[in-house]
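The values are calculated or read from the model by the stated rules, or taken from the named source; none is laboratory data. Everything numeric in this text was worked out from a predicted model, so none of it was measured. Cβ atoms come from the backbone with ideal geometry, glycine included; neighbour counts cover every protein chain shown.
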Amino acid sequence: MSHFESGTARNIAESVIPGPNLRAFSRVISLEQSLDHLPIGITVYDENFRLTAWNKTVAEILRTPPELLRDGMPISEIIRHLAAVGFYGSGEVEPLTNHRLGQMTEGDLTFEHSLNDGRILEIRGVRDPDGGYIYIIQDVTVQRQAESATKELAAIVSSSEASILSLSLEGSITSWNAGAERLYGYSAAEAIGQSSRLLTSDAAQAADQQSIWRRVLQGEQVLQTVVQRTHKDGHTFPVSLSMSPIFADDGTIVGASGIAYDITERLQAVQDLAKQRDELERLNGQKNRLFSIIAHDLRTPFNSLLGFSEILSDNAATLGPEEISEYAGMMHESARQANGLLETLLEWSRLQMGGLQSEPRPFDVAGAIDKALAFNATSAANKNIMTERLASPLLTALADPRMVETVLRNLIGNAIKFTERGGTVHLEAIRKDGEIVISVRDSGVGISPERLGKLFQFETDASTAGTNGEKGTGLGLQLCKELVELQGGAIAVESAPGQGSSFCFTLPSAI
């Protein structure tokens with residue numbers, strides 16, 4: 001250290017200094033050699049700010065010429081040199097020099113400089129008790145960069161919308177950002193020091209957390225796993241959780257960090273998309289079914305009309321009255337079937353598009369049953385099917401009579417359609433538990449268990465020919481279900497193969 005060359009000083013000392021004092025002097029020389037190898041620069045000035053001692057690191061840090069530093073040199077020369085090379089920033093050399101000398105005179109012994117080459121130097125001065133000053137010069141670039149990165153990271157963590165927390169090896173919460181407070185409802189003061197079990201409310205959540213914790217303690221990163229967590233107010237919600245082990249310098253695990261996001265809205269969006277997809281598939285199926293009905297089911301009665309009308313047109317002059325009457329009757333039946341199919345199709349279509357609105361009002365159920373029976377009277381007569389009605393007096397329902405009549409027409413028509421010639425169809429209406437209950441029972445062929453479960457669904461093959469080959473759209477029962485439910489009622493069926501069927505639906509009572 002200082003202006004001594006260690007080897008020369010030792011040679012002089014050995015020739016002129018007695019033994020005990022030589023050993024003390026040797027210790028001083030060793031100390032100076034050690035100071036020369038320190039990573040910090042050291043300069044010593046007397047009370048007049050003249051250089052008295054320094055180590056080699058000073059010149060390395062300040063990047064001064066070797067001949068600049070010398071014993072007794074005024075500190076103003078060092079400052080002037082540093083000002084000239086831009087150490088104090090841009091500006092004239094003398095003003096910069098005088099400004100720095102003034103700071104030192106006023107007692108500003110510690111300061112920091114950011115240099116043009118990117119380095120940051122910290123210079124700290126202390127007064128020597130025996131007079132003079134000692135300055136320690138240190139390159140703190142890496143330290144300041146680390147501090148800046150730490151502050152930046154802390155700012156990111158603090159302002160993040162995500163929940164960011166850390167845990168000790170024992171599973172206690174050691175840090176808690178504003179995002180965690182928003183997500184879970186606990187303040188940092190309430191959460192830090194508590195077990196992470198604070199965020200779970202049942203055995204399933206605790207088991208999930210324990211499973212993730214074991215994996216993290218084995219050094220594994222758990223990324224974006226979906227788990228349930230519990231808010232301070234008690235409600236549970238889904239989060240996307242990522243956890244990573246925190247390693248010490250020696251590679252041992254000292255804790256864990258966790259990042260979590262509330263994915264309630266994201267999952268809801270996924271569910272909504274799935275519902276939309278299912279709805280699109282349903283609508284596409286309905287479209288295909290409607291095309292199938294138009295292409296096949298409606299063609300049969302219209303073909304009959306065309307065929308019979310062609311016979312009459314071509315042979316009217318030669319046909320007798322009985323033959324003409326027979327063909328006319330068949331044409332009428334074909335037209336009635338086509339009209340029934342179209343009515344069902346149009347009503348169902350209007351219902352699906354929201355164009356069919358319920359207009360409930362009090363009306364006599366017995367009158368609606370009579371109208372539906374009259375509508376199906378020809379079909380029943382053609383198959384010699386006897387219809388019976390039993391309705392209690394003064395059964396007044398609060399519903400849309402037009403829709404109820406549509407339901408009754410379809411149920412009675414189906415009962416006739418699937419009953420053999422000479423069978424019976426029985427209707428009954430009663431008041432039970434504040435509701436009107438209407439049942440339509442037949443002695444027909446019945447329904448298989450496999451088909452029974454899909455009876456009110458919109459199936460591609462839902463239309464089944466009747467016992468006399470009658471056609472249908474397959475929409476009638478689904479239309480009945482939707483119309484009954486639109487009134488606030490419910491519909492059900494009981495049936496078995498060969499034992500007939502019983503359809504029963506309810507309506508609100510007006511009384």
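Could you please give the count of residues in the stretch 278-318 that are modelled with pLDDT of 75 or more, part of a loop (DSSP other than H, G, I, E, B) and within 25 Å of Q337 (Cα to Cα)?
Looking only at that region, the number is 1.
Among the residues of the stretch 410-434, what is the count of those that are surrounded by fewer than 16 Cβ atoms within 10 Å (Cβ to Cβ) and under 30 Å from L346 (Cβ atoms)?
The total comes to 0.
Looking at (1) surrounded by 16 or more Cβ atoms within 10 Å (Cβ to Cβ); (2) touching a residue at least 24 places away in the same chain (Cβ under 8 Å), which is the only condition Q209 fails?
Failed condition: (2).
Could you tell me how many of the residues in the stretch 39-58 are assigned to a strand (DSSP E or B), out of contact with any Lys or Arg (no Cβ under 9 Å at 6 or more places or on another chain) and free of Cβ contacts under 8 Å to residues at least 60 places away in the same chain? Explain how you work it out, then say what you get.
Keep residues of the stretch 39-58 that are assigned to a strand (DSSP E or B), which gives 41-45, 50-54.
Going one step further and asking which of them are out of contact with any Lys or Arg (no Cβ under 9 Å at 6 or more places or on another chain), we end up with 42-45, 50, 52-54.
Cutting the leftovers down to free of Cβ contacts under 8 Å to residues at least 60 places away in the same chain gives us 50, 53-54.
Qualifying residue count, the stretch 39-58: 3.
Can you tell me which residues in the stretch 413-463 are at pLDDT below 85 and of a type in the set (S, T, Y)?
Within the stretch 413-463, T460, S463 qualify.
For the stretch 100-118, give me each residue that is of a type outside the set (A, V, I, L, M) and either more than 27 Å from S148 (Cβ to Cβ) or touching a residue at least 12 places away in the same chain (Cβ under 8 Å) (or both).
Residues satisfying the conditions are R100, G102, T105, E106, G107, T110, F111, E112, H113, N116, G118.
E94 fails exactly one of the following numbered conditions: (1) out of contact with any strand residue (DSSP E or B) (no Cβ under 7 Å at 6 or more places or on another chain); (2) modelled with pLDDT of 90 or more; (3) surrounded by 14 or more Cβ atoms within 10 Å (Cβ to Cβ). What is the number of that condition?
Of (1) out of contact with any strand residue (DSSP E or B) (no Cβ under 7 Å at 6 or more places or on another chain); (2) modelled with pLDDT of 90 or more; (3) surrounded by 14 or more Cβ atoms within 10 Å (Cβ to Cβ), only one is false for E94: (3).
Looking at (1) at negative phi; (2) at pLDDT below 85, find the lone condition where G469 falls short.
So the condition that G469 fails would be (1).
Confirm whether Q210 is in a helix (DSSP H, G or I) and under 22 Å from T252 (Cβ atoms). Don't jump to the end; show me each part of the working.
Values: in a helix (DSSP H, G or I): yes; under 22 Å from T252 (Cβ atoms): yes.
So Q210 fits the description; yes.
Within the stretch 160-184, track down each residue that is in a loop (DSSP other than H, G, I, E, B), surrounded by 16 or more Cβ atoms within 10 Å (Cβ to Cβ) and of a type outside the set (A, V, I, L, M, F, W, C).
First pass over the stretch 160-184, keeping only residues in a loop (DSSP other than H, G, I, E, B): 160-162, 169-171, 177.
With surrounded by 16 or more Cβ atoms within 10 Å (Cβ to Cβ) added as a condition, the list becomes 162, 171, 177.
Within the stretch 160-184, G171, N177 qualify.
I'm told S240 meets every condition in (1) out of contact with any Phe, Trp or Tyr (no Cβ under 6 Å at 6 or more places or on another chain); (2) assigned to a strand (DSSP E or B); (3) surrounded by 13 or more Cβ atoms within 10 Å (Cβ to Cβ) except one. Can you identify the failing condition by its number?
Unmet for S240, out of (1) out of contact with any Phe, Trp or Tyr (no Cβ under 6 Å at 6 or more places or on another chain); (2) assigned to a strand (DSSP E or B); (3) surrounded by 13 or more Cβ atoms within 10 Å (Cβ to Cβ): (1).
Give the residue, chosen from A189, A204, that is in the same structural domain as S166 (by TED's automatic domain parsing), in a helix (DSSP H, G or I) and closer than 16 Å to L165 by Cα.
Selected residue: A189, the only one of A189, A204 that is in the same structural domain as S166 (by TED's automatic domain parsing), in a helix (DSSP H, G or I) and closer than 16 Å to L165 by Cα.
Tell me, yes or no, whether the stretch 145-158 has at least one residue that is without any contact (Cβ under 8 Å) to a residue 60 or more places away in the chain, in a loop (DSSP other than H, G, I, E, B) and either in the same structural domain as S257 (by TED's automatic domain parsing) or over 30 Å from Q210 (Cβ atoms) (or both).
Within the stretch 145-158, not a single residue is without any contact (Cβ under 8 Å) to a residue 60 or more places away in the chain, in a loop (DSSP other than H, G, I, E, B) and either in the same structural domain as S257 (by TED's automatic domain parsing) or over 30 Å from Q210 (Cβ atoms) (or both).
All but one of (1) within 52 Å of the chain's Cα centre (by Cα); (2) surrounded by 16 or more Cβ atoms within 10 Å (Cβ to Cβ); (3) assigned to a helix (DSSP H, G or I) hold for E450, so report the exception by its number.
(2)
With the structure loaded, tell me whether I75 is touching a Ser or Thr at 6+ places or on another chain (Cβ under 8 Å), among the aliphatic types (A, V, I, L, M), without any contact (Cβ under 8 Å) to a residue 40 or more places away in the chain and surrounded by 11 or more Cβ atoms within 10 Å (Cβ to Cβ) or whether it fails that test.
No: the conditions fail for I75.
Any chance you could count how many residues in the stretch 214-236 are crowded, with 16+ Cβ neighbours inside 10 Å and either among the aliphatic types (A, V, I, L, M) or in contact with a Gly (Cβ under 7 Å, 6 or more places away or on another chain) (or both)?
Count: 3.
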